[in-house]
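The block underneath contains the structure these notes are about, expressed in structure tokens.
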Amino acid sequence: MAEIITALPEQLFAALQKESFALLSTIDFESGAPNMNAISWVYAKDPGTIRFAVDQRSRIVNNIKQNPQVNLTFIGAGSVHAIYGSGRLVIEALEEVPFKLACFDIDISVVRDAMFYGARISIAPEYEKTYDKRAAEKLDTQVFAAMKKA
């Protein structure tokens, strides 16, 4: 039986210290079906906690309020990582950000390597902002600063 990991290993913690592409799965508050969203305002607060921010109007907010069980899938640090835990609202609206973002913590219960046997991730997913680059950088800086203060 594989060892059960209940916190982020050092390499994964380091990879989650900056803006990253991740997939957040929640349980839909209306249908009870799985719901998945791509997010990027996410970072590891400490080895046992991942923090993220989303628009207050996002379905994610009501989903976690109704059922806090979440899965964060992170592709990087050589593998696909399935991070399970309980979502918890930190603040309804981050301060010093130009629009209303809710901030959540995931209290990690289990971290699993979800990569298929005999392979590794050689290049992590990359994305680019499709709007004004300076505006995107300014907003990202504001959001991460506010998340760290929350």
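Taking into account only those residues within the stretch 91-150 that are in contact with a Phe, Trp or Tyr (Cβ under 7 Å, 6 or more places away or on another chain) and modelled with pLDDT under 95, which is nearest to Ser58 (Cα to Cα)?
Checked the stretch 91-150; the qualifying residue nearest to Ser58 (Cα to Cα) is Tyr127.
Among the residues in the stretch 43-52, are any in contact with a Cys (Cβ under 9 Å, 6 or more places away or on another chain), outside any helix (DSSP H, G or I) and in contact (Cβ under 8 Å) with a residue 12 or more places away in the chain?
There is at least one residue in the stretch 43-52 that is in contact with a Cys (Cβ under 9 Å, 6 or more places away or on another chain), outside any helix (DSSP H, G or I) and in contact (Cβ under 8 Å) with a residue 12 or more places away in the chain.
Consider Leu72 against the criteria (1) surrounded by fewer than 16 Cβ atoms within 10 Å (Cβ to Cβ); (2) without any contact (Cβ under 8 Å) to a residue 60 or more places away in the chain; (3) not β-branched (Val, Ile, Thr): it satisfies all of them except one. Which criterion is unmet?
Only one criterion in (1) surrounded by fewer than 16 Cβ atoms within 10 Å (Cβ to Cβ); (2) without any contact (Cβ under 8 Å) to a residue 60 or more places away in the chain; (3) not β-branched (Val, Ile, Thr) is unmet by Leu72, namely (1).
Could you list all residues from the stretch 1-11 that are surrounded by 12 or more Cβ atoms within 10 Å (Cβ to Cβ) and either in a loop (DSSP other than H, G, I, E, B) or touching a Leu at 6+ places or on another chain (Cβ under 7 Å) (or both)?
Thr6, Ala7, Leu8, Pro9
Could you tell me whether Gln142 is touching a strand residue (DSSP E or B) at 6+ places or on another chain (Cβ under 6 Å) and surrounded by fewer than 19 Cβ atoms within 10 Å (Cβ to Cβ)?
It is false that Gln142 is touching a strand residue (DSSP E or B) at 6+ places or on another chain (Cβ under 6 Å) and surrounded by fewer than 19 Cβ atoms within 10 Å (Cβ to Cβ).
Go through Lys18, Lys65 for me and flag whichever is of a type in the set (Lys, Arg), outside any strand (DSSP E or B) and farther than 24 Å from Pro125 by Cα.
Numbers: Lys18 fails: farther than 24 Å from Pro125 by Cα.
Result of the check over Lys18, Lys65: Lys65.
Which of the residues spanning the stretch 97-123 are farther than 25 Å from Ser86 by Cβ and loosely packed, with under 14 Cβ neighbours inside 10 Å?
So the first thing to find is which residues in the stretch 97-123 are farther than 25 Å from Ser86 by Cβ, and the list is 98-99, 116-123.
Correct list: Pro98, Phe99, Phe116, Tyr117, Gly118, Ala119, Arg120, Ser122, Ile123.
Looking at Lys100, Lys65, can you tell me which residue is more than 20 Å from Lys149 (Cα to Cα), over 13 Å from the mean Cα position of the chain (by Cα) and among the charged types (D, E, K, R)?
Going through Lys100, Lys65 in turn, just one is more than 20 Å from Lys149 (Cα to Cα), over 13 Å from the mean Cα position of the chain (by Cα) and among the charged types (D, E, K, R): Lys65.
Can you name every residue in the stretch 12-35 that is within 13 Å of the chain's Cα centre (by Cα) and either surrounded by 13 or more Cβ atoms within 10 Å (Cβ to Cβ) or under 15 Å from Phe104 (Cα atoms) (or both)?
Initially, the stretch 12-35 is screened for residues within 13 Å of the chain's Cα centre (by Cα), giving 12-13, 15-26.
The answer is Leu12, Phe13, Ala15, Leu16, Glu19, Ser20, Phe21, Ala22, Leu23, Leu24, Ser25, Thr26.
Give Ala77, Ala82 a once-over and let me know the one that is among the hydrophobic types (A, V, I, L, M, F, W, C), surrounded by 18 or more Cβ atoms within 10 Å (Cβ to Cβ) and closer than 17 Å to Leu16 by Cβ.
Checking each option against the conditions leaves just Ala77.
What residue, of Ser40, Ser20, is of a type in the set (S, T, N, Q) and modelled with pLDDT under 95?
On inspection, the qualifying residue turns out to be Ser20.
The values are calculated or read from the model by the stated rules, or taken from the named source; none is laboratory data. Bear in mind that the values here come from a model prediction, so they are computed numbers and not experimental data. For neighbour counting, all protein chains shown are included, and Cβ atoms are generated from backbone atoms with ideal geometry for every residue, glycine included.
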